[in-house]
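Colleague: Sharing a structure here in structure tokens format.
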Amino acid sequence: MRTYRGPGRWSGWLAVGAVLFLLAGPAAAQWDKLLKGLGGGDGSAGAGLSDVKIGAGLKEALQVATEKAVSLTGKTDGYFSNQAIKILMPEKLRSFESGLRAVGYGGQVDELVLGMNRAAERAAPQAKQIFFDAIGEMTFDDSRKILNGGDTAATEYFKAKTTPRLTTAFRPVVEQSMSQVGVSRQYKELVGRFDSIPFAKSQAFDLDGYVVDKGLGGLFVVLGEQEKQIRTNPTARATELLKEVFKR
């Protein structure tokens, strides 16, 4: 006579089958993500940390980096003494520059270059709040991608998110500064002197727009350097949160 063993045996097989079904279907990806989030050691920065902690750590790091970048560029000689970002005469005006230097106006050209850099230095502090706003807009997905991206992933994020706003903020400051320090007047005078040289002819050029573009480019160069330091130099991680999030 066969003994009835009840539903326990069948329920066990059903449970096993359900698990196999989940692992074989789309839910497997969700399980894999969950397991990694609970402490998977994939070697990437922030492995095993919650999205909340990663987001907080990354935002703190970006605030440190952006504040440092703005303070380094937004001071006297912040651009002018940094050969990596110093604003030189535009490529399109190199013949204009060499022609003026050849007839004794090199000193005036140097003053023009100095004035362009001073204008960028005055505009740089405008970036701080715009960067902070962009940090506040970051999603958890943005944070993960930036954290596990290249050495300047956050800088590239800022370029994409803030360039239009930065351009709008920089332009009036640059225009005002260029006028106050006499760059606009100097430029017009030099154009007149260049045009008086036989066979020389100047061309229209948006010098203010050039300084804005170069100013932003230099700011992102310095920001990228600060980001690299936090990612690669443990001593640049000033808080316990930064040390935990960026530890690999």
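Colleague: Would you mind checking Lys53/Lys243; Lys53/Lys161; Lys59/Lys228; Lys145/Lys228; Lys59/Lys145 for any pair whose Cα atoms are more than 18 angstrom apart?
Modeller: The answer is Lys53/Lys161.
Colleague: Let me make sure I get this right: for the stretch 140-180, a, b and c are the square roots of the gyration tensor eigenvalues over alpha carbons, sorted descending. Under 1.5 in a/c it's rounded, otherwise prolate if a/b > b/c, else oblate. Which is it?
Modeller: prolate
Colleague: For the stretch 40-187, which whole percent of the accessible surface, found with a 1.4 angstrom probe, sits on carbon and sulfur atoms? Kindly include the intermediate steps, with their values, before the conclusion.
Modeller: On the way: 3450 of 6810 Å².
Whole-percent figure for carbon plus sulfur exposure: 51.
Colleague: Please give the residues of the stretch 87-124, grouped as numeric ranges, whose backbone N is less than 17 Å from a label point set 7 Å along the Cα-to-Cβ vector of Arg171.
Modeller: The answer is 120, 123-124.
Colleague: Please give, to one decimal in nm, the separation of the simple spin-label points placed at Glu156 and Gln63, each 7 Å out from Cα toward the Cβ.
Modeller: 2.6
Colleague: Separate question: Residues of the stretch 142-164 with amide nitrogen under 18 Å from the 7 Å Cα-to-Cβ point of Gln229?
Modeller: Within reach of a label on Gln229: 151-156.
The values are calculated or read from the model by the stated rules, or taken from the named source; none is laboratory data. This one's a predicted model, so the numbers in the text were calculated from it and none came from an experiment. Glycine also receives a Cβ, built like all others from the backbone with ideal geometry; neighbour counts cover every protein chain displayed. Only protein heavy atoms, including side chains, enter the accessible area calculation; ligands, DNA and RNA are left aside. Shrake-Rupley method; radii C 1.70, N 1.55, O 1.52, S 1.80 Å.
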